[in-house]
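A single structure is presented below for examination.
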Amino acid sequence: MNRKHKSRTSFLTMLRTALWVCAAGAAALASAQTDDQEDAYFRGGPESGRHALIITGAAASDEIRERFSQWSNSLHDVLARDYGYSADTITMLLDDGSAASQNERIDGSSRREDIAAAFTGLQQTLAAGDQLTVFLVGHGSASDAAAKFNIVGPDITGQEFAELLAPLNQQDIVVINTTSGSFEFSAALAAPGRVILSATRTRAERYDPMFARYLIDALDNRQGDRDKNGRLSVLEAWTFASQSVLGWYSEQGRLPTERAVIDDNGDGNFSLEPAAGTGDGGLAEIAYFDNHSAGPQKTSPEARSLLAEMQDLERAVFLLRGQKANYLEEEYWTRMETLLIDLARKTGRYNELQ
Amino acid sequence: MNSNNLRKMTRTPALARFALRPLTLCLLLQGVFFTLPATAQDPVVQLEPALERAEELLQAGSYLAAIDLFQRVDGFEEEAGLLGLSQALAQTGEYAQAIEVLEDAISDYAASARLSTQLAELKRATGQSAEALEILEAVVTGNTTPPVRALVQYGSLLQYTGRRDEALGPLNAAIGRYDTGAVFEAEEIAMVAVASWLLDRFHDANSLFAEAVRLEPENLEAQVLWGDLFMEKFNVVDAEKSYNAALEINRRYTPALVGQAKISGGERSIAFALEVNPNDVAALETMATLLVMNDRAEEAMEYVDRALEVNAESLKSLSILASQAALHEEYDEYARLEAQVAGFSPGNARFYGDMADAFGNAYRFTEAVGYARQAVAADPNYWQGHTLLGTNLIRLGQDEEGRVALELAFDNDPFNVMTSNMLKVFDTLEEYATLTTEHFEVRMSQRDARVLWPYMAPLLEESWATLTAKYGFEPEAPVLVEVFERTDDFAVRSVGLPDIGPLVGICFGRMVTLISPQTLDANWQEILWHELVHVFTLQMTNNRMPRWLSEGISVWEEREARPEWGRRHGMELVRAAQQDKLLPVANLNAGFTGANTNEDLGFAYFQSYLVVDYIAQEHGFDKLIELVKQYAFIKEESEMFETVFGTSIDTFDAGFRSWVDRRVQEINVYVHTEDAADEGEAHGHGQRENSSAVMAELYNNASLKQHMRQRVQDQPRDFQAHLQLGIVLFKEESFDEAKVHLQIAQDILPDYSGYPSPALVLSQIHERQGDQAARLEQLKVMLENQQHDYDSTVLLAAAALESGDLALSRYYMDRALAISPYRLDVHQIGAEIARRLNDPQMAVRELEVLVDLDVNDPVEARTDLAEAYLSNGQPADAKRNILTALEIAPSYSRAQEVLLQAVDAAP
């Protein structure tokens, strides 16, 4: 691993002194449950950059092209509107790029050379500690020979795509592969420190997935913000989208032909039920689509003391939650109640302070 | 015998060689080639072509030609020829001749063991079991190593004649012969399989049949017997394979044709079998059984009589007669028939099993249980009797005892698919919740208990209050309702097997089984109400209600319960009147039993409904109740009509027809012969699709438009043409012209409820034109006659909510819940209505369901619910829920506030 831990230390220090309650709490839990190496990823502070690369491949028909295009544009707009991205920090490579003249969001085509150029550009633009989220939209395919993302021109294999990602070793990388038959392509991208989402979990899941649609829903107005901390983590987005996909199939009375999975411990063994402390999910839980913003802080000694207590309580809640299986039901909830009432009261007092 | 022996035998190379030899059944039976292996080289060989050709013809089903050729065989092969001749004669129903041929040839039963065994089998098949027994006894006792077939036939007949203990000897001897390696031929192995079967060694029997057909796939008898074993175990798939294997070799082999008919329930195979052999008792009995099941008992009696003419000891025929006598409460006749059976087969458990089956099929479960008890008392090892007992007990709601009976059956006969299926459903039910109201006990999945139950419980009691008042009758309570998430479980619980066709609910009198609305795309409340009406009408008549009237009343009551429920088949009525398809009232059940398509079945329901509507409108509802009550007694339907309406059923029918004619005139729609009827599933519950209109929607084109223009010009009241023309014009965006034709269509059939309806297409036009008010108005029009469209009801509920019309919003919300309580939006609307109405109870109900359904935002859902609990004075529930929310999102300030409120409010 080539990551520079030194530069990370400063981010971590800043994070720990930042007075942003929920994010800090989640990070504390994650660090408690992950190893030292994992501790080095996705610790970006307020000043770390967020970049998105949306690559939308070739479509099998006009109708599908329209759908892919609509998803990609929506993704672009939601990232810009709700997560602080801008035209400068979003690179969108759409189909053959021919619509660029009518659509200013488009930066190029999904031809191999444009993709390579985009990565070269990102290498030059991205600072160490920045986060790059790559969205792949379109068709995929897998055979014994290789798993491919169907772009304009010769398709690109997972291995080739992994080579494009390799130079970005100072950045936090999230890849969200929403394509059909995406699993093996995604598996080729797995590496320590990367969060890889795949819309499908086997080669056999080769029908066009619905995952992208619900991922956008999760991002839209942070609908997927499950823990109500005002930020959307990759894990939350995954949870929202994958559950919505299952709900859609159920509503249609069809057996699901896609099951989304995550790998974020680099072992390439993707999880259907990721959660912090269970192999996969630890990084996805602290990988957010946006930067946290601490906002104006209260500086009185009482406020600072209360905040520290709140953080401790929150951490205690997370730890207790992680140990749920070790408690009898009643005892667990008694302990949880005590912590949560204490936290609620302290938060109330903190909020009352000037 | 053990399975090791079996495996060892199957690996013997000699057996494999035999498998390659194209031996015919008869030669195998005779064993000629064993004893005289050199004869193939003898001069006698010149006789073989006739014999071989005759056997080939017999095997191929050319029975008359085979008879001719067998008669020419003589000399050294005479015995083989006689055996073949008697078999060929028997295959064509010439039993007397077949017997005569054998009797003429036999001077000593023991010495002519093979011919004598064949003779005994023919005697048994023609109702001479006593003589058959004598012959077989002579063969078995007169030979040191009697043929395996003789041993098995002897054992079988001893069992049949009530000498079960004595049967053990010959049956075990046959099996012992196999175990010592002395049985090689496919036919004999099949006989050993039969012996194992008779001794309840079903696994061995199956293995042996498999071995027999592997050795000689052309052995028709082995194939069919194997199929029969599968059929006995309700393993239809494997049974069909065996029957088909036999029919591929000989399409005229009547035992296989009969087997196939039992699977398909169709009469074609039987009719063909009876063409081949008009005296085939199994075919006659099967035909009679099918006819009885289709409410054609009178026709069935003709076949029973024919079967009894051939075989006066035909158990199935006698049990059909006995069950008909008992069902008609002709107890003396029943006793006579019971004694007749006991005369030749004392203590025959199958007779009582057949009785239990017949009563179960007639929904007379109490009596069915009684006969099943008699069956297992007569033979405690009659495992199917235990299955019948268990199944019918379950229909009566006596699950505990029913399960015990089924488990006993399964422990001893684990191959019975019906038994194992029924027991598997018990496993499902163990996971289910049991919920009660004052008059109902309901079992459903835990999820349905959370999502469906809040809306089902009040409907159940509403139905009770409404129907008890209306019919002046209180059914036995609690009425049991079971709601199954899996269609297979519903089917098995209802009929024992997983294939149940389009049924979505079944009433057994006191018990109702339903498919969970989760898997339906139809108004579940209408279905439930429909079945609950059956509870009343069936119990009022001790389950003697004919299907047509029971269904007619249930459908009629749908519309009585909610104006939008029920069926509107105006087009179909006109079409049926035009085509003179209306059945006479006296023959309405045939509409159900003779339906070949969903369309036919749907119309059977509709016509039954029409008769009920006619009675209610023209004679009064009291007359309908009087008629229902008549069915509690055993009497002719014509007599009942005479009693209630004071006219003959024919006069009643004439009145009905004239009323229908008036209705047809009122409907006044032109029905073109090229249009198909609307199609729907779920026995009329659910959306019916207008396939012509759907096609117009998908493939509208100029020629279709031209054609429809011509049609409306020819027939201005051609509904379909106006509708299709409207759709084509809509697709062309000629909105104004489209509206004209759609409006005309709507005026012609204002209550048309198919998909797409004129109102639906008009609403779509208004939507395209941006006229939201007009769009909603048309959806309202559509929903006046359409009870299955969830999306439109939710749309109207949301629109009404937005406009502040809470009563209207709630009305449409309830309409949506009647279709599906499993979707988020309707509960979100419900929660908002509750909030605006300040109705904490309703809020709790809606939010409790939302918590279950909203997997994407559980924190918000739990927080909302906790707030509702607080408003509803349930602080403990509020605390429990808010803790769950905060467990996920500990810093969510709104939830923290609710937690503190809950803590403060707690006692």
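Read-outs: derived from the displayed coordinates by stated rules, not from any lab. Keep in mind the model is a prediction, meaning the values are calculated, not measured. Please note: Cβ atoms are built from the backbone with ideal geometry, for glycine as well, and neighbour counts cover all protein chains shown.
With unit charges on the beta carbons (Lys and Arg positive, Asp and Glu negative) and the dipole taken about the Cα centre of the protein assembly as shown, which residue among B:Trp524, A:Gly247, B:Leu198 sits farthest to the positive side?
A:Gly247
Which of A:Lys148/B:Lys731; B:Lys233/B:Lys635; B:Lys123/B:Lys316 have a Cα-Cα distance over 29 Å?
A:Lys148/B:Lys731; B:Lys233/B:Lys635, as the Cα separations exceed 29 Å there.
Compute the distance in nm between two label points, each set 7 Å from the Cα along the Cα-to-Cβ direction, one at B:Ile249 and one at B:Val694.
According to this spin-label approximation, the distance is 4.5 nm.
Taking the alpha-carbon distance from A:Lys324 and a cut-off under 18 Å, which lysines remain once sequence neighbours fewer than 8 residues away in the same chain are dropped?
Within the straight-line cut-off, A:Lys324 pairs with nothing.
Taking beta carbons within 10 Å but only from partner chains, what does the mean come to for residues A:339-349?
Counting other chains' Cβ atoms within 10 Å and averaging over A:339-349 gives 5.
Test of understanding: what is the full-extension gain from B:Glu79 to B:Ala586, defined as 0.36 nm times their sequence separation minus their Cα-Cα distance?
Working it through step by step, the gained length comes to 176.8 nm.
Still on this model: Step through the residues of the range A:198-206 one at a time and calculate ³J(HN,Hα) from phi using the Karplus curve (6.51 cos²θ - 1.76 cosθ + 1.60, θ = phi - 60°), rounding each to whole Hz and writing x for Gly and Pro.
10, 5, 10, 10, 9, 4, 5, 7, 10
Need the C-alpha centroid separation for the range B:101-160 versus the range B:531-567, integer Å.
The range B:101-160 and the range B:531-567 have Cα centres spaced 56 Å from each other.
Follow-up question, since we're still on this one. Counting DSSP beta bridges in chain B, what percent are antiparallel, to the nearest 5?
Just about 40 percent of them are antiparallel.
Enumerate the amide H contacts of B:Glu689 below 5 Å, restricted to partners 5 or more residues apart or on another chain; note that Pro and chain-start residues carry no placed amide H.
Amide H neighbours of B:Glu689: B:Glu679, B:Gly680, B:Tyr755.
What relative contact order, as a whole-number percentage, does chain B give when Cα pairs under 8 Å and 6 or more residues apart are counted?
Value for chain B: 6 percent.
In addition: Give the lysines whose C-alpha is closer than 17 Å to that of B:Lys629, dropping any in the same chain fewer than 8 places away, or say none.
Reachable lysines: B:Lys470.
At most 16 other C-beta atoms within 10 Å and a DSSP loop state: those are the exposed GluC sites (Glu not before Pro) I care about. Give me the longest piece of chain B that has none. Please list the in-between numbers first.
Working: sites that count: B:Glu267, B:Glu329, B:Glu330, B:Glu438, B:Glu476, B:Glu636, B:Glu674, B:Glu732, B:Glu733, B:Glu784.
Longest stretch, sites excluded: B:1-266.
Using θ = phi - 60° and the Karplus relation 6.51 cos²θ - 1.76 cosθ + 1.60, list the HN-Hα couplings for the range B:545-562 in order, rounded to whole Hz, with x at every Gly or Pro.
So the J values, rounded to whole Hz, are 5, x, 4, 4, 6, 4, 5, x, 5, 4, 5, 4, 6, 4, 5, 5, 6, 9.
Read phi for every residue in the range B:437-452 and hand back ³J(HN,Hα) as whole Hz from Karplus 6.51 cos²θ - 1.76 cosθ + 1.60, θ = phi - 60°, with x for Gly and Pro.
Result, rounded to whole Hz: 10, 4, 10, 9, 10, 10, 10, 7, 5, 4, 5, 5, 4, 7, 9, 8.
Taking springs between alpha-carbon atoms closer than 10 angstrom, which of A:Leu93, A:Leu215, A:Leu307 fluctuates most in the Gaussian network model of chain A?
A:Leu307
Between A:Ile54 and residues 5 or more places away or on another chain, which pairs have amide H atoms under 5 Å apart, with H built 1.01 Å from N, and which residues are they?
A:Thr91, A:Met92, A:Leu93, A:Phe135
For an R0 of 35 angstrom, estimate the FRET efficiency from the Cβ-Cβ distance between B:Ser703 and B:Glu599 and round to the nearest 0.05.
Using R0 = 35 Å, I get an efficiency of 0.80.
While we're on this one: May I have the extent of the alpha carbons of the protein assembly as shown along their three principal axes, as whole Å values ordered from largest to smallest?
The principal-axis extents, from largest down, are 121, 79, 72 Å.
Here's a follow-up. To the nearest µm²/s, what D does Stokes-Einstein give for chain B at 25 °C and 0.890 mPa s, using the Kirkwood radius over alpha carbon pairs as Rh? Don't skip to the end; give the middle numbers.
Details: Rh = 31.9 Å.
Translational diffusion coefficient: 77 µm²/s.
Then there is this: Test of understanding: given chain A, find the longest segment containing no chymotrypsin sites (Phe, Trp or Tyr not before Pro) that are in a DSSP loop and have at most 15 other Cβ atoms within 10 Å. Please report the intermediate quantities before stating the final value.
Working: sites that count: A:Tyr207, A:Tyr327.
Within chain A, the longest run free of exposed chymotrypsin sites (Phe, Trp or Tyr not before Pro) spans A:1-206.
So, one more: If one computes the Cα centroid of the range B:372-405 and of the range B:586-625, what distance in Å separates the two points?
When both Cα centres are located, 35 Å separates them.
Another one. What is the extension gain from A:Thr202 to A:Gln70, computed as 0.36 nm multiplied by their sequence separation minus the C-alpha to C-alpha distance, in nm to one decimal?
Here the answer is 44.9 nm.
What residue among A:Pro209, A:Pro192, A:Pro256 has the largest mean-square fluctuation in a Gaussian network model of chain A, using Cα springs under 10 Å?
In the Gaussian network model the winner is A:Pro256.
I would also like to ask the following. Of A:Leu168, B:Thr468, B:Ala186, which is farthest along the charge dipole of the protein assembly as shown in the positive direction, counting Lys and Arg as +1 and Asp and Glu as -1 at C-beta?
The one lying farthest along the dipole's positive direction is A:Leu168.
Hey, another quick one. Springs between alpha-carbon pairs under 10 angstrom, Gaussian network model over chain A: which of A:Gly140, A:Gly181, A:Gly230 fluctuates most?
Per the Cα network of chain A with a 10 Å cutoff, A:Gly230 tops the list.
Another question, if that's okay. Within 10 Å of each Cβ in A:240-247, how many Cβ atoms from other chains are there, averaged over the peptide?
Taking all residues of A:240-247 together, the mean is 2.
Determine the sum of side-chain charges near B:Glu188: Lys and Arg each +1, Asp and Glu each -1, restricted to other residues whose C-beta is under 12 angstrom from that of B:Glu188.
Computed value for this residue: -2.
Also, I was wondering about something else. So, counting K/R as plus one and D/E as minus one, what does the shell of residues with Cβ under 15 Å around B:Asn172 add up to?
For residues surrounding B:Asn172, the net value is -1.
Taking the Cα centre of the range B:569-684 as the origin, how large is its charge dipole in debye, to the nearest 20, when only Lys and Arg (+1) and Asp and Glu (-1) carry charge on their Cβ atoms? Don't jump to the answer; show the numbers that get you there.
Details: 8 positive and 21 negative charges, 58 e Å.
Dipole magnitude for the range B:569-684 comes out near 280 debye.
Something else now. Per residue of B:899-906, count partner chain C-beta atoms within 10 Å of its C-beta, then hand back the mean as an integer.
Numbers: counts 6, 6, 0, 1, 5, 0, 0, 0.
Averaged over the peptide's residues, the number is 2.
How long is the range B:432-540 along each principal axis, judged by its Cα atoms, biggest number first, in Å?
37, 27, 23
Taking the Cα centre of the range B:689-788 as origin, work out the dipole magnitude from +1 charges on Lys and Arg Cβ and -1 charges on Asp and Glu Cβ, in debye rounded to 20.
Dipole magnitude for the range B:689-788 comes out near 160 debye.
Based on Cβ point charges of +1 for Lys and Arg and -1 for Asp and Glu, what charge dipole magnitude is obtained for the range A:301-352 about its Cα centre, in debye rounded to the nearest 20?
In debye, rounded to 20, the range A:301-352 gives about 160.
Residues with amide H under 5 Å of B:Val512's amide H, sequence separation 5 or more or different chain, H placed in the peptide plane at 1.01 Å from N; which?
For B:Val512, whose amide H was placed from the backbone, the distant partners under 5 Å are B:Leu480, B:Val481, B:Glu482.
Let me ask you something else. Where the centre of each part is set by its Cα atoms, how far does the range B:793-813 sit from the range B:227-259, in angstrom?
If we compute the Cα centre of each part, the gap is 59 Å.
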